[in-house]
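Enquirer: This is the structure, below, for whatever I ask next.
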Amino acid sequence: MKARLVLDEKIVFEDGSILQIRIWSVARPVPPTLHGYKYSLFFGRPGVCLVGFDNERGKGDHKHVLDEETAYTFVSIEQLLRDFRAAVETVKGTSL
């Protein structure tokens with residue numbers, strides 16, 4: 001079974017910042033994760049990541065907020081989206 005795209009959303013704001021969310025359902029977890037999703041959530045400008053949540057092979061679930069990278073505990077897609085949007089709101093200073 002190939003990966004199945006679950007969510008693909010991109011918003012370009014008036015100030016040029018970009019919010020992009022891509023989530024796939026995968027047949028096998030991306031090591032070392034145990035869940036069945038591959039995801040990449042981005043907020044920033046071209047070439048500049050202000051907020052990013054992803055689960056890269058070998059690194060597992062983690063997030064980038066400004067210049068800091070930390071582990072992220074994946075619970076569900078819904079929680080992932082809430083946590084990402086909260087981090088974006090904090091960095092951007094406004095509600096989405």
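Enquirer: Show me, for region 4-12, the HN-Hα J-couplings you get by feeding each phi into the Karplus relation (A = 6.51, B = -1.76, C = 1.60, θ = phi - 60°), rounded to Hz, glycine and proline as x.
Expert: Listing the rounded values in order: 10, 5, 9, 8, 9, 9, 9, 10, 10 Hz.
Enquirer: Mind listing the long-range amide H neighbours of Leu7? Cut-off is under 5 Å, sequence gap 5 or more, other chains count too, H placed in the peptide plane at 1.01 Å from N.
Expert: Long-range HN contacts for Leu7: Ile23.
Enquirer: Give me the accessible area per residue for region 5-53, probe 1.4 Å, as a whole number in Å².
Expert: 55
Enquirer: While we're on this one: Give me the percent of accessible area attributable to carbon and sulfur for the chain, probe 1.4 angstrom.
Expert: The C+S portion of the solvent-accessible surface of the chain is 52 percent.
Enquirer: On a 0 to 90 degree scale, rounded to 10, what angle separates helix 77-92 from the longest Cα axis of the chain?
Expert: Approximately 20 degrees, to the nearest 10.
Enquirer: A further question on this structure: Ordering Lys92, Lys59 from largest to smallest accessible area (1.4 angstrom probe), what's the sequence?
Expert: Lys59, Lys92
Enquirer: Rounded, prolate or oblate, given the Cα gyration tensor of region 56-96, with a/c below 1.5 counting as rounded?
Expert: Because a/c hits 1.5 or more and a/b fails to exceed b/c, region 56-96 counts as oblate.
The values are calculated or read from the model by the stated rules, or taken from the named source; none is laboratory data. All values reported here derive from a predicted model rather than from experimental measurement. What goes into the accessible areas is simple: the full protein's heavy atoms, side chains included, and nothing from ligands, DNA or RNA. Shrake-Rupley method; radii C 1.70, N 1.55, O 1.52, S 1.80 Å.
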